[in-house]
Every structure is written in structure tokens, then in C-alpha cells.
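In what follows, a structure is listed as C-alpha cells, so that the remarks can point back to it.
Rule-based calculations on the coordinates, nothing more; no lab input. This one's a predicted model, so the numbers in the text were calculated from it and none came from an experiment. Using ideal geometry, Cβ is built from the backbone for each residue, glycine included, and neighbour counts are taken over all protein chains shown.
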Amino acid sequence: MKLTKRPLFYWVLNHYRGPQIFLLLVIMASLFFKVYPLEMQKNIINIAINLKMLDKLYLYCALYMGAVFVAGLLKYFINTYQAILGQKILIQLRKELYEHVLQLPLQFFHRTQAGTVISAMTAELNAIGAFMGEAIEVPVTSILTFIVFAGFMISLNPLLGLIS
């Protein structure tokens, strides 16, 4: 398929399918560490404080802080990995665009200023690279986070969870 006719998701899905799947798996694992602190908050209030169990309070607080810490580490990893993936896709896109520009007829270069071509290959592709690094993960993360949190709320109180 001709370079100029390819959709943006061509580079996301065809060249880097394995890393995208790995990133999705990490995102799914990170969802546990987003919901687990909510369960620990409930246990801290309902069990440890209500029943005045100091040993449970220490345990639940440690589990809560550990889950928040791991969630933060996973979020950092996900953001870094998305940026790296976006840059790799951007490099591939620039390389293919450069090869395409080299094959253009000489008339193209008489009509088009060199600065326009260089600008298209550098600055204008940066936003596309950032988008392609997050193209799949951001919508999937948002949808899965909504489903997991809705499921958690419904498990606590079905009527209130469904209403909200």
C-alpha cells in the first residue's frame, strides 16, 4: 500500500503489535492496584477502626500504601513505555516518509519549498508520534477503568452503584 494512503493505525497495529499487547497486559494488571486501595480503605474503616484492631490497622495501611506505590510505578512504566513506543513508531514513519520523498519526481521539488518538506518530516510528525504511542492504550485504559470501578461500586451497593 502506498505510504500516503495508509491510515495512522497501520503503524500502530502492523509494526508494533507485540509491544502493544504487552502494554495492554500491564494496563490490565495495573487496574487491580487502582481498585485495591479502595477495598483497603473500606477495611480500614469498617474492620480496623470500628473494631479497634490495631494490628489490622497497620496491616491494612501497609497494604494500602503498597498498592498505591505499585499503582504509581505501573503508571510511570505505562507512560514511559507509551512514549518509547510512540518514538519507535515515529522513527519508522519518518524513515518511510524519507524514502517516499526521495522517490518523488523532480517537479515536486521545483513546486515545493525545501523548508516545507523538512518541516513535514520533523515538527509536524511529532504530534502524530505522541498520538500513536497512546492510540490504543488510552481508550482501552479509560474503558477498562470505568468497567472495573463500576463493578466495584455495584459489588458494594448494587442499587447505588447502578444509579451512579
*Per-residue HN-Hα couplings for the range 22-27, Karplus 6.51 cos²θ - 1.76 cosθ + 1.60 at θ = phi - 60°, whole Hz, x for Gly and Pro?*
4, 5, 5, 5, 5, 5
*Can you give the net charge of the other residues whose Cβ lies under 15 Å from the Cβ of GLN92, counting K and R as +1 and D and E as -1?*
+3
_In Hz, Karplus ³J(HN,Hα) per residue of the range 60-69 (6.51, -1.76, 1.60; θ = phi - 60°; x = Gly, Pro)_ = 5, 5, 5, 5, 4, 5, x, 5, 5, 5
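How high is the FRET efficiency between TYR98 and PHE69 when r is their beta carbon distance and R₀ equals 45 Å, given to the nearest 0.05?
Efficiency, from the Cβ-Cβ distance: 0.55.
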*Going by a ≥ b ≥ c, the root eigenvalues of the Cα gyration tensor, does the range 1-72 fall in the rounded group (a/c under 1.5), the prolate group (a/b larger than b/c) or the oblate group?*
prolate
_Relative counts (whole %) of C-alpha pair distances in the range 42-108, using bins that are 10 Å wide_ = 18, 21, 15, 14, 11, 9, 7, 4, 0
*Give me the Kirkwood hydrodynamic radius of the chain in Å, from all C-alpha pairs, to one decimal place?*
19.4 Å
*Got the relative contact order for the range 67-164 handy, in percent, Cα pairs under 8 Å and 6 or more residues apart?*
34 percent
*asked:* I want to check the label-to-label distance for LEU59 and VAL117. Put each point 7 Å from Cα in the C-beta direction and report it in nm to one decimal.
replied: 7.0 nm
*Of ASN46, ALA120, GLY133, whose Cα points farthest to the positive end of the dipole of the chain (charges on the beta-carbon: +1 Lys, Arg; -1 Asp, Glu; origin at the Cα centre)?*
ALA120
_Going by Cα centres, the range 1-69 and the range 70-122 are how many Å apart?_
31 Å
*In order through the range 78-84: 3J(HN,Hα) via Karplus (6.51 cos²θ - 1.76 cosθ + 1.60), integer Hz, x for Gly, Pro*: 4, 4, 5, 5, 4, 5, 5
*Within the range 32-158, how many Lys pairs sit with Cα atoms under 25 Å apart, leaving out pairs fewer than 8 places apart on the same chain?*
7
_Of GLN82, TYR58, TYR10, which is farthest towards the positive pole of the chain's charge dipole, taken about the Cα centre with +1 and -1 on the beta-carbons of Lys, Arg and Asp, Glu respectively?_
TYR10
